[in-house]
Amino acid sequence: MVKDGDPSWKPTFIVKPDGGCQGDGIYLIKDPNDIRLAGTLQSRPAVVQEYICKPLLIDKLKFDIRLYVLLKSLDPLEIYIAKDGLSRFCTEPYQEPSPKNLHHIFMHLTNYSLNIHSGNFVHSDSTSTGSKRTFSSILCRLSSKGVDIKKVWSDIISLVIKTVIALTPELKVFYQSDIPAGRPGPTCFQILGFDILLMKNLKPVLLEVNANPSMRIEHEQELSPGVFENVPSLVDEEVKVAVIRDTLRLMDPLKKKREKQSQQLEKPLATKEDPSDSELASAADVNTNAEAHLPSICLKQVFPKYAKQFNYLRLVDRMANLFIRFLGIKGTMKLGPTGFRTFIRNCKLSSSSLSMAAVDILYIDITRRWNSMTLDQRDSGMCLQAFVEAFFYLAQKKFKMLPLHEQVASLIDLCEYHLSLLDEKRLVCGHGGTSGGRPACGGTPQEAALSAQPAEGNPLPCVDSAHKLSHSRHALS
């Protein structure tokens, strides 16, 4: 449709089959009506992106960057970025896409798993040469040419934070469905692999996020036909070992306990020495000595460190908190009609222009449309994306004169205000007890149960749930 409306627009498209990995099945096309695309999509859905034709080149080769990002916690949101990453190179000199070279995968696709089969792939003992290098060696080379490396890093950090903020609302919904109510849950984390392309103007562009990035530190080398040997990769080892080591240091569940012990030891000792003090001291000394020989942490915190610059983007995150609060039954990820009506009542959103009958129609229309688009039909009800669309509709109806962003922010503030009043009222009434099996301050028992659920923060879902990152198919715009 876009191309028909603008004949001068002549992009190249890259087609990535759903559920694929390691570059399997990826191809380039010039025409959206390409027969392969039309035929394949029926049996295997795909992501189709506009191909970036003007990437930054090193040694006339296209390359991408793999950066490792630690998502330490969802609430409060904590994000760390590894200070070094990998640069994966194509093995054929780059030319802009044309009908003659669209099929040259070693020219256009940076996937290591593809290029390793090229006769031009170079295994190197140096981190700054070969077909796989450290990102720091690329930055060093760019710096020698006068490039502002701090600006490049700043743009990459911004890209990572914005991407994770876009993921967290749905991750929170998945988390609450997996972790039982009233329990703190396990200490969980996620290492994400961000694939980033630097354009010719040095602007970073996100290619994709891998929920389960490879942590292999060796490659297969063919010694003779059919005989292979695993050979350590110095580049992989330098980057990946540091990421895993320092992730475990940051996530160490005993770390807070040791810090508490150290604080106790720093207090002035009583005149009589307590035997437990000497035990604490020796335990702290052992752990201090164990950390002493380790390098400095390679993971840099970027959130909440730069939270002030990005908190304005977290509106959908706050909407997800409202959505979770009214889900009612633990384990579900879809909001039922009763929960939606309770949300409207508790947040005082019904009015002469929005009757409860109109609310029911809104729920049915939006839920039916979203359920027809989703692949997951296990639960009936309103999914998070449908709730966001309904919320936008309510915001536009309530605050007609404001821009959309301010409409949504104002409605969130209003909902949070009414719910905080409701929580305070129930807290006060809770001290007074209940009578006749009814909530002390009025309201139906179901409303009390629904609205009393706190939107508590929790750490990230376990690694077992990590694949759910790929389920975020619909953009929350």
**OP:** Can you work out which of the residues in the stretch 292-344 that are of a type in the set (Ser, Thr, Tyr) and not in a helix (DSSP H, G or I) is modelled with the highest pLDDT?
**Re:** Tyr306
**OP:** Would you please list the contacts, defined by Cβ atoms under 7 Å and residues six or more apart or on different chains, that run from a residue in the stretch 91-106 that is closer than 11 Å to Lys30 by Cα and open to solvent by 50 Å² or more (accessible area, probe 1.4 Å) to a residue that is at pLDDT below 90 and in a loop (DSSP other than H, G, I, E, B)?
**Re:** Pro99/Lys30
Original post:
Among the residues of the stretch 31-52, which ones are assigned to a loop (DSSP other than H, G, I, E, B), loosely packed, with under 15 Cβ neighbours inside 10 Å and modelled with pLDDT of 85 or more?
Top reply: none
Original post:
Does any residue of the stretch 54-64 turn out to be open to solvent by less than 30 Å² (accessible area, probe 1.4 Å), touching a strand residue (DSSP E or B) at 6+ places or on another chain (Cβ under 6 Å), in contact (Cβ under 8 Å) with a residue 40 or more places away in the chain and more than 23 Å from Ser214 (Cα to Cα)?
Top reply: yes
Original post:
If you check Lys334, Lys425, which single one turns out to be over 30 Å from Ile157 (Cα atoms) and within 24 Å of the chain's Cα centre (by Cα)?
Top reply: Lys334
Original post:
When only residues in the stretch 387-408 that are hydrophobic (A, V, I, L, M, F, W, C) and at pLDDT below 95 count, which is nearest to Val359 (Cα to Cα)?
Top reply: Phe399
Original post:
Restricting attention to the stretch 68-90, which residues are open to solvent by less than 10 Å² (accessible area, probe 1.4 Å) and under 29 Å from Leu102 (Cα atoms)?
Top reply: Gly85, Leu86, Ser87, Phe89, Cys90
Original post:
If Ile297 passes every condition in (1) surrounded by 20 or more Cβ atoms within 10 Å (Cβ to Cβ); (2) under 30 Å from Lys72 (Cα atoms); (3) among the hydrophobic types (A, V, I, L, M, F, W, C) but one, which one does it miss?
Top reply: (1)
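Conditions tested, residue by residue: (1) touching a strand residue (DSSP E or B) at 6+ places or on another chain (Cβ under 9 Å); (2) within 19 Å of Asp59 (Cα to Cα); (3) open to solvent by less than 10 Å² (accessible area, probe 1.4 Å).
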| site | (1), (2), (3) |
| --- | --- |
| Ser128 | yes, yes, no |
| Val152 | yes, no, yes |
| Ile156 | yes, no, yes |
| Thr168 | yes, no, yes |
| Gly193 | yes, no, yes |
| Asn201 | no, yes, no |
Original post:
Is one or more of the residues making up the stretch 210-232 within 29 Å of Val15 (Cβ to Cβ), at pLDDT 90 or above and outside any loop (DSSP other than H, G, I, E, B)?
Top reply: yes
Original post:
Being among the hydroxyl-bearing types (Ser, Thr, Tyr), in a helix (DSSP H, G or I), more than 22 Å from Asn210 (Cβ to Cβ) and without any contact (Cβ under 8 Å) to a residue 24 or more places away in the chain, is that true of even one residue in the stretch 126-148?
Top reply: yes
Original post:
Would you call Gly119 in a loop (DSSP other than H, G, I, E, B), farther than 17 Å from Lys200 by Cα, small (Gly, Ala, Ser) and in contact (Cβ under 8 Å) with a residue 60 or more places away in the chain?
Top reply: no
**OP:** Within the stretch 212-232, track down each residue that is over 13 Å from Tyr112 (Cα atoms) and out of contact with any helix residue (DSSP H, G or I) (no Cβ under 8 Å at 6 or more places or on another chain).
**Re:** Gln221, Glu222, Leu223, Ser224, Pro225, Gly226, Val227, Phe228, Glu229, Asn230, Val231, Pro232
Original post:
Can you name the condition, by its number, that Met333 falls short on among (1) open to solvent by less than 30 Å² (accessible area, probe 1.4 Å); (2) touching a residue at least 60 places away in the same chain (Cβ under 8 Å); (3) within 15 Å of Val173 (Cβ to Cβ)?
Top reply: (1)
Original post:
For residues in the stretch 345-370 being out of contact with any helix residue (DSSP H, G or I) (no Cβ under 8 Å at 6 or more places or on another chain) and at pLDDT below 90, which is farthest from Ala409 (Cα to Cα)?
Top reply: Ser352
Subject >> Verdict on Met382 being among the aliphatic types (A, V, I, L, M), touching a Leu at 6+ places or on another chain (Cβ under 9 Å) and modelled with pLDDT under 95 >> reply: yes
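The values are calculated or read from the model by the stated rules, or taken from the named source; none is laboratory data. If you're wondering where the values come from, they're calculated on a predicted model, not measured in any experiment. Here the Cβ is made from the backbone with ideal geometry for all residues, glycine too, and neighbour counts use every protein chain on show. Just the protein is used for accessible areas: all its heavy atoms, side chains included, with ligands, DNA and RNA removed. Shrake-Rupley method; radii C 1.70, N 1.55, O 1.52, S 1.80 Å.
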